[in-house]
1. What's the number of the only condition in (1) within 14 Å of chain A (Cβ to nearest Cβ); (2) open to solvent by less than 10 Å² (accessible area, probe 1.4 Å) that residue B:239 fails to meet?
2. Checking the conditions here, which among B:70, B:89, B:93 is without any contact (Cβ under 8 Å) to a residue 24 or more places away in the chain and within 30 Å of residue B:295 (Cβ to Cβ)?
3. Which residue is nearest to the other protein chains (Cβ to nearest Cβ), if the candidates are limited to region A:42-65 and must be among the aliphatic types (A, V, I, L, M) and crowded, with 23+ Cβ neighbours inside 10 Å?
4. Looking at region B:306-316, which of its residues are open to solvent by 50 Å² or more (accessible area, probe 1.4 Å) and free of Cβ contacts under 8 Å to residues at least 40 places away in the same chain?
5. Since residue B:86 meets every condition but one in (1) within 20 Å of residue B:194 (Cα to Cα); (2) among the hydroxyl-bearing types (Ser, Thr, Tyr); (3) open to solvent by 40 Å² or more (accessible area, probe 1.4 Å), which condition does it not meet?
6. Would you confirm, using the coordinates I've provided, whether residue A:99 is at pLDDT below 95 and either buried (at least 16 other Cβ atoms within 10 Å of the Cβ) or away from chain B (no Cβ under 14 Å) (or both)?
7. Checking residue A:138 against (1) surrounded by 12 or more Cβ atoms within 10 Å (Cβ to Cβ); (2) at pLDDT 95 or above; (3) β-branched (Val, Ile, Thr), which test does it fail?
Amino acid sequence: MSNRVVVTLKVLVHIACLAPVAWLLVHLFQNNLGPDPTQTVTFFTGHGTLRLLIITLAISPVRKLISKLGWIIRFRRMLGLYAFFYGCLHLMTYLWLYAGFSWAAIIDDISLRRFIVAGMIAWLLMLPLALTSTAWSIRKLGGRNWKRLHWLIYLAATAGVVHYWWGVKQGVRTPMVITIALAIVLAARPVLTWIRKLPAKQRRSVTESS
Amino acid sequence: MLIRKSDPNAIPSSEITPRSAYMNRRAFMAAGAAGAAALAAGGLTEFLHPAEVHATTKLASVPSPLSTTGLKLTSFDDITHYNNFYEFGPNKGDPAANAGSLRTRPWKVEVEGEVKKKKTFDIDSLMKLHPLESRVYRFRCVEAWSMVIPWIGYSLSEFIKQCDPLPSAKFVQFLSLDDPSQMPGIRSVNLDWPYSEGLRMDEAMHPLTLLTFGLYDQTLPNQDGAPVRVVVPWKYGFKSAKSIVKVKFVKKMPHTTWNDMASNEYGFYSNVNPHVDHPRWSQKTERVIGAPIWKQRQPTLMFNGYADQVAGLYKGMDLKKNY
């Protein structure tokens, strides 16, 4: 993949990640976000975070599966940072529109509501990943440590999905699609590793039959 | 044989929306919604571009002194497109999209249990049992959002008097229609159907408890519980059963749907109470539907602002235990 194509694609990814936020802000100021704008913003930013986390997690299994797509690794950091950006918007939505920036309300929520705790944990797990997303951090930490640290993304995404399930009413199954998507990207890594460990002959038969 | 004089509440045929008019409106809205869906970001169209409002007819009523005054009414559009009515699906836009399949005529309401005699009321005679009043009430959902709705109906007590309950009747149970052929959510949502709700007898007899047939100036849209529902303004919205087909007078506290599902979250009483939180969120404040985002949050009032009228019903009760 030529550099020029990657740069063009990067611009497109930036647009794809920022345009929804611009759209949201325009509609927010026009008071045109439906009957319950607070909830619209909550779900918009929450879904955005989880979707971007899952896309970020999907990059390395897709590369392993389709060797031609090796170049997509160059988008992983960007997508991960956008997931964190949406997560920050989601957290801000909570702090402003639910807690009203009141410490008492926040402490009340943390002590009483496990879905708030799960959401906070998910955000806190993303924070060190965003902070160490620079090339300098990789050099400083050493590749192996950096990689270990960044495994936290699996925990962050899982905490995010748990947060979603705990937040909705019992009987509501809207988090199902995103949960299945996460389960697939989480399972992809061990499954691919297992296939790679098989002797060449068996491996061929596994990949051919699939 | 009872001869009825011409009824002031009867609907003159001139006021009934012609079918062609509302069908045109449907087509227009469907086209608009489809266009918007193509343009807007996925998932949000449901909030932003309302689906159809199911056909209603004009309904005359007189203003009631029991109306709550000084509040800004929630728009008809929001009242009909932001609904919890799980028989039509779990999302707020589902009832507007799916309730078109509900047939509200013919409709009968059966009365049984601790009554002198079982009775069946036809919906049209039920609507004429007592003069219809328009009553503006606050509406507070357990999910911490609220509306202000101009309902049309009469006090449920007027209906209960016609049912001749026995002194042994301590509670009233309301059962909603349970017909998967008209209500797609019954198959897809995992609740114990039919939807069952109930009130203590004195709550049911309270003048504020409204047997409801309409809102604004028309019959109830299907997604709001047509053709007949109850409205108990000092309780969370799920206590106000919709599309009622059976009223049972019973000796013991009846089982209720959300209480069966999660008794720690939805009590039998479920009075609006800012001092008793839902396990998953605070009930101290609420989001006003239709308000701009920066003004959406307002404090929740004890008994939803009806404490002067209803607090006496719960004298001596621990409302933290009897949530």
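The values are calculated or read from the model by the stated rules, or taken from the named source; none is laboratory data. Treat the numbers as computed from the prediction; the structure is a model and nothing was measured. Positions of Cβ are generated from backbone atoms using ideal geometry, with glycine treated the same way; all protein chains shown enter the neighbour counts. Ligands, DNA and RNA are excluded from the accessible area calculation, which covers all protein heavy atoms including side chains. Shrake-Rupley method; radii C 1.70, N 1.55, O 1.52, S 1.80 Å.
1. Here residue B:239 clears every test but (1).
2. Testing whether each residue is without any contact (Cβ under 8 Å) to a residue 24 or more places away in the chain and within 30 Å of residue B:295 (Cβ to Cβ) leaves just B:70.
3. Result: A:50.
4. Residues satisfying the conditions are B:308, B:312, B:315, B:316.
5. (3)
6. yes
7. In the conditions (1) surrounded by 12 or more Cβ atoms within 10 Å (Cβ to Cβ); (2) at pLDDT 95 or above; (3) β-branched (Val, Ile, Thr), residue A:138 misses (2) alone.
Matching residues to (1) open to solvent by less than 20 Å² (accessible area, probe 1.4 Å); (2) among the hydroxyl-bearing types (Ser, Thr, Tyr):
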residue	(1), (2)
B:181	no, yes
B:184	no, no
B:205	no, no
B:214	yes, no
B:220	yes, no
B:248	no, no
B:265	no, no
